[in-house]
1. Here's a check for you: in the stretch 60-100, which residue that is of a type in the set (Lys, Arg) and exposed (fewer than 14 other Cβ atoms within 10 Å of the Cβ) is farthest from residue 165 (Cα to Cα)?
2. Kindly indicate whether residue 103 is open to solvent by 30 Å² or more (accessible area, probe 1.4 Å) and either free of Cβ contacts under 8 Å to residues at least 40 places away in the same chain or over 20 Å from residue 67 (Cβ atoms) (or both).
3. With the requirement that a residue be more than 22 Å from residue 125 (Cβ to Cβ) and small (Gly, Ala, Ser), what does the stretch 1-39 give you?
4. Tell me which helices (runs of 4 or more DSSP H) are completely within the stretch 1-81 and hold 3 or more residues being in contact (Cβ under 8 Å) with a residue 24 or more places away in the chain, or say none if there are none.
5. Among the listed residues 179, 121, which satisfies the condition of being open to solvent by less than 20 Å² (accessible area, probe 1.4 Å), farther than 22 Å from residue 30 by Cβ and assigned to a helix (DSSP H, G or I)?
6. Exactly one condition in (1) farther than 30 Å from residue 24 by Cβ; (2) open to solvent by 20 Å² or more (accessible area, probe 1.4 Å); (3) at pLDDT 95 or above is not met by residue 115; state its number.
7. Going by what's in this entry, would residue 159 be described as assigned to a loop (DSSP other than H, G, I, E, B) and either out of contact with any Cys (no Cβ under 7 Å at 6 or more places or on another chain) or farther than 18 Å from residue 71 by Cα (or both)?
8. What number of residues in the stretch 51-67 are under 14 Å from residue 123 (Cβ atoms) and charged (D, E, K, R)?
Amino acid sequence: LNETELAASLGVSRTPLREVLNRLVAEGLLEFVPRRGFSGRPLDSKMVYDLYEMRSGLEMISAKLATERATTAELDELIAVWDQVSLKFESFSAIECVQHDELFHEQIAMLSHNTELLHALKNINARIHYLRLISMEQNHFRDNTCNEHQMILTAIKERNAESAANRMYAHVTMRQEQLVDVLKEGIARLYMA
């Protein structure tokens with residue numbers, strides 16, 4: 001990233017820009033190499049697998065805690081919102097699908113009433129956003145999302161923490177070969193552009 005050009009295009013000085021860039025490095029979204037500067041992190045299959053493993057663990061805990069801690073009113077509100085989103089999901093763009101999907105998962109984490117869990121999940125969502133976008137462009141990923149979200153919500157509403165955690169795990173765990181395909185597509189798009 002050219003800091004001078006970036007600062008000029010954003011209309012800010014380099015000092016606050018550098019603070020933001022360093023924050024993005026700390027969150028794993030950029031990397032910094034001395035005497036070379038800031039750059040985007042390469043798509044590395046090991047890193048992606050690690051992120052999905054971490055995400056599945058966080059999401060399972062989030063579903064379990066939401067089942068135990070969310071009020072009935074909080075659950076009813078999330079169910080009502082998701083019922084409305086589900087009706088329009090097929091007509092959304094891939095970007096809108098990802099935004100709604102990320103919001104769904106973050107709302108479950110909010111219902112866990114654990115702010116650190118929510119913060120960690122948001123960080124992972126930011127880091128895998130591009131791959132989620134590619135997967136939501138594929139109909140089979142998009143088609144399954146609404147049904148799986150409904151099953152997760154049903155388990156939470158029934159206060160079955162084990163079922164909620166298992167359904168969440170099944171939902172977020174992408175089979176290794178699926179992840180390889182999405183990763184290949186992502187790399188191809190980055191280098192073909």
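The values are calculated or read from the model by the stated rules, or taken from the named source; none is laboratory data. Computed from a predicted structure; not experimentally measured. Cβ sites come from the backbone with ideal geometry, for glycine too, and all protein chains shown count toward neighbours. Please note that ligands, DNA and RNA were not included when accessible areas were found on the heavy atoms of the full protein model with its side chains. Shrake-Rupley method; radii C 1.70, N 1.55, O 1.52, S 1.80 Å.
1. This residue is 88.
2. Yes: the conditions hold for residue 103.
3. 7, 8, 9, 11, 13, 37
4. Details: elements: 3-10, 14-26, 45-69.
Hits in the stretch 1-81: 45-69.
5. 179
6. (1)
7. Yes; evaluated as a whole, the condition is true for this residue.
8. 2
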